[in-house]
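Below is one structure, written out as structure tokens, with a few remarks after it.
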Amino acid sequence: MDRREIAALLAYIGRLDPRTIRTDQGEARDQLAQWHELLGDVPMATPHRWDACVAARQHIRTSPYQILPADVARPWERYRRDRLARHTDPTPSVDPDDQAAWTAELVGTRRAVAAGAAQPAQARAITSGRDGIDPRLEARLREIGSCIPPAARAALAPYRPARAAREMAVALGQPDALSVRCEWCLAQPGEPCRRRRIGPDDGVRTTAPRATPHPGRLDLATAQQAQQTEQAQQPAMA
């Protein structure tokens, strides 16, 4: 804000809180100089929801204390931090080999966002909800059947033996043992079974994940699958 804008802000504040009015010419001049010194880098208003008058009015409305320049500067700093926190640097349009121009464009964009002259650039999600899937992504998922390509899934199989065994069972139409709770090791649905490591004193020292589920868990999943199949085959009640 320049001195004229500071004077306009003080006049607005004086209408809301007469305690800030300075009738002596010297005191008014000193007040104007003080506020300009402290708020010279704070804009009067920006195109994107910042207004110093609104910040001043909010303080006067909610606080019994006389307003100070800091009561306008603090909301402005919160405004800047919030905008920068929601900003994701877009890829500059200049040649990436020109490091100086690349950095200058990034800095300029951040300053424009922080100053309220531009809206924060947020990273675009892959999808935007069930009804907003990118058609290209949807076609690709139909093509490969999963967000993990088959080659990558095969490469990961040795490092995820429990997951690989589960996927193989489902692909072969066999029961998914991990869909039920294991009554032996108490593994919850979706978690692999765990084997116990016994110490020299016959006490359980620790547990480790198993590549295959416990037989009892597989039996339980088989029984559950048979029950679901039987229910699906029953004729619908009239």
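The values are calculated or read from the model by the stated rules, or taken from the named source; none is laboratory data. Everything numeric in this text was worked out from a predicted model, so none of it was measured. All Cβ positions, glycine included, derive from the backbone under ideal geometry; neighbour counts span all protein chains shown. Ligands, DNA and RNA are stripped out before the accessible areas are found, and what is left, the full protein with its side chains, is counted by its heavy atoms. Shrake-Rupley method; radii C 1.70, N 1.55, O 1.52, S 1.80 Å.
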Of everything in region 44-68, what is open to solvent by 70 Å² or more (accessible area, probe 1.4 Å), closer than 19 Å to Arg19 by Cα and either in contact with a His (Cβ under 8 Å, 6 or more places away or on another chain) or of a type in the set (Lys, Arg) (or both)? Give them in sequence order. Arg57, Arg61
Which of the residues spanning region 1-48 are in a loop (DSSP other than H, G, I, E, B) and within 30 Å of Pro120 (Cα to Cα)? Met1, Asp2, Gly40, Asp41, Val42, Pro43, Met44, Pro47, His48
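If you take the residues in region 199-208 that are over 13 Å from Trp184 (Cα atoms) and open to solvent by less than 80 Å² (accessible area, probe 1.4 Å), which one is modelled with the lowest pLDDT? I'd like the intermediate steps shown before the answer.
Taking region 199-208 and keeping what is over 13 Å from Trp184 (Cα atoms), we get 199-206, 208.
If we keep only those that are open to solvent by less than 80 Å² (accessible area, probe 1.4 Å) too, we end up with 199, 203, 206, 208.
Values: Gly199: 64, Gly203: 61, Thr206: 68, Ala208: 79.
The qualifying residue modelled with the lowest pLDDT is Gly203.
Only one residue in Asp71, Asp41, Asp24, Asp30 is of a type outside the set (Phe, Trp, Tyr) and buried (at least 16 other Cβ atoms within 10 Å of the Cβ). Which one?
Numbers: Asp41 fails: buried (at least 16 other Cβ atoms within 10 Å of the Cβ); Asp24 fails: buried (at least 16 other Cβ atoms within 10 Å of the Cβ); Asp30 fails: buried (at least 16 other Cβ atoms within 10 Å of the Cβ).
Going through Asp71, Asp41, Asp24, Asp30 in turn, just one is of a type outside the set (Phe, Trp, Tyr) and buried (at least 16 other Cβ atoms within 10 Å of the Cβ): Asp71.
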Residue under evaluation Asp89, criteria (1) modelled with pLDDT of 90 or more; (2) surrounded by 12 or more Cβ atoms within 10 Å (Cβ to Cβ), criterion not met: (1)
Given (1) of a type outside the set (Val, Ile, Thr); (2) over 28 Å from Gln119 (Cβ atoms); (3) at pLDDT 95 or above, number of the condition Cys53 does not satisfy: (2)
